[in-house]
Amino acid sequence: MRLTCPICGDRDRREFYYLGAADYLDRPVEGEAEATHRYLHLRDNPAGVTRDLWQHEAGCAAWLVVERNVTTHEILQVSLAKDEIRDAR
Amino acid sequence: MVELVARTPCEGLLPYEAGEAELSEIIPKRITSLAPFEDSTLLKPLKTALGVELPAPGQSVKAKDGRIVWTGQNQFFVLDAEVPALDAAVTDQSDAWAMVALGGAAAIDVMARICPLDCAHMTASQVARSLIGHMPAIIIRTKTGFEIMVFRAFAKTLVNEVSHVMDAVAARGALST
Ligand SMILES: [Zn+2]
């Protein structure tokens, strides 16, 4: 498996660290218990397209959002997490 | 009084030669890490002192008395040259890194065995952050080979792993002639 880091280009999987669902980018408002519960524990588990957080740990160190299809193993898009956060604001 | 003796990271370990590959230590005069703030006008004193702009990702540039190497997202190392007073996150990392030069006709074959990058396609002064074995490294392509930087604590491991691969490449070369 290879990922194309927006900064470094096409790289081997072993340079990357996997964190989990990109939902971690949408932090709930402090004190909202139900939203915090959803944020920490509730995840969809689709047999299809997922959005996950990866870090180019042994590369440029950037956090990335990787969109991939878990049934076909196709990588659909890799973007910088900081840009995704900026777009959401 | 205790008398402290300064030692370089690879002292007593290098140089090393095997077949068509050579490994030697590089000792930069200083290594300064530089993480600029968003406002790029703050970097003016750097350009005035070193005569160049910061390199693009994956590149290094020659500067007055040294060079500037891209080393990650929003991070650069200034090698050798002195960094002027600057409104940026600047740290002296001179003692924190081991730096070696890998040269000789077999340098690319050695890298192919120990690094996941396609090193044969790098061009001189290009830079990548990647792995040497399991060690995070900064890899700079030079006209004659590669320069590799790893955390100083990994100096012995770096020399051990690279020299082992140099031996293997030399042995393979001897077998096929
Ligand atoms: Zn990267």
One residue from A:Val29, A:Val49 being away from every other protein chain (no Cβ under 14 Å), away from the ligand (no atom under 16 Å from the Cβ) and within 13 Å of the chain's Cα centre (by Cα): A:Val49
Residue check, A:Arg43 free of Cβ contacts under 8 Å to residues at least 60 places away in the same chain, more than 16 Å from the ligand (Cβ to nearest atom) and of a type in the set (Lys, Arg): yes
Selection status of B:Ala98, in contact (Cβ under 8 Å) with a residue 40 or more places away in the chain and touching a Lys or Arg at 6+ places or on another chain (Cβ under 7 Å): yes
Top-ranked residue of segment A:1-26 - restricted to ones that are over 14 Å from the mean Cα position of the chain (by Cα) and open to solvent by 70 Å² or more (accessible area, probe 1.4 Å), ranked as nearest to the other protein chains (Cβ to nearest Cβ): A:Arg14
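Let's see how each residue does on (1) within 16 Å of the ligand (Cβ to nearest atom); (2) within 14 Å of chain A (Cβ to nearest Cβ); (3) surrounded by 20 or more Cβ atoms within 10 Å (Cβ to Cβ):
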residue	(1), (2), (3)
B:Lys29	no, no, no
B:Pro36	no, no, no
B:Glu53	no, no, no
B:Trp70	yes, yes, yes
B:Ala81	no, no, yes
B:Ala105	no, no, no
B:Cys115	yes, yes, yes
B:Asp118	yes, yes, no
Filtered residue count, segment B:134-148, keeping only those that are modelled with pLDDT of 95 or more and within 13 Å of another protein chain (Cβ to nearest Cβ): 5
Of all residues making up segment A:1-26, the number that are within 13 Å of the ligand (Cβ to nearest atom), in contact (Cβ under 8 Å) with a residue 24 or more places away in the chain and of a type outside the set (Lys, Arg): 9
Flag if B:Ala124 is small (Gly, Ala, Ser), assigned to a helix (DSSP H, G or I) and free of Cβ contacts under 8 Å to residues at least 60 places away in the same chain: no
Test: residue in segment B:97-119 that is more than 25 Å from A:Cys60 (Cα to Cα), more than 17 Å from the chain's Cα centre (by Cα) and at pLDDT below 95: no
Test: residue in segment B:120-128 that is within 14 Å of chain A (Cβ to nearest Cβ) and within 22 Å of B:Leu13 (Cα to Cα): no
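The values are calculated or read from the model by the stated rules, or taken from the named source; none is laboratory data. From a predicted model like this one, the values you see are computed outputs, not experimental measurements. All Cβ positions, even for glycine, are placed from backbone atoms using ideal geometry, and neighbour counts span all protein chains on display. To get the accessible areas, we keep the full protein, side chains included, count just its heavy atoms, and leave off ligands, DNA and RNA. Shrake-Rupley method; radii C 1.70, N 1.55, O 1.52, S 1.80 Å.
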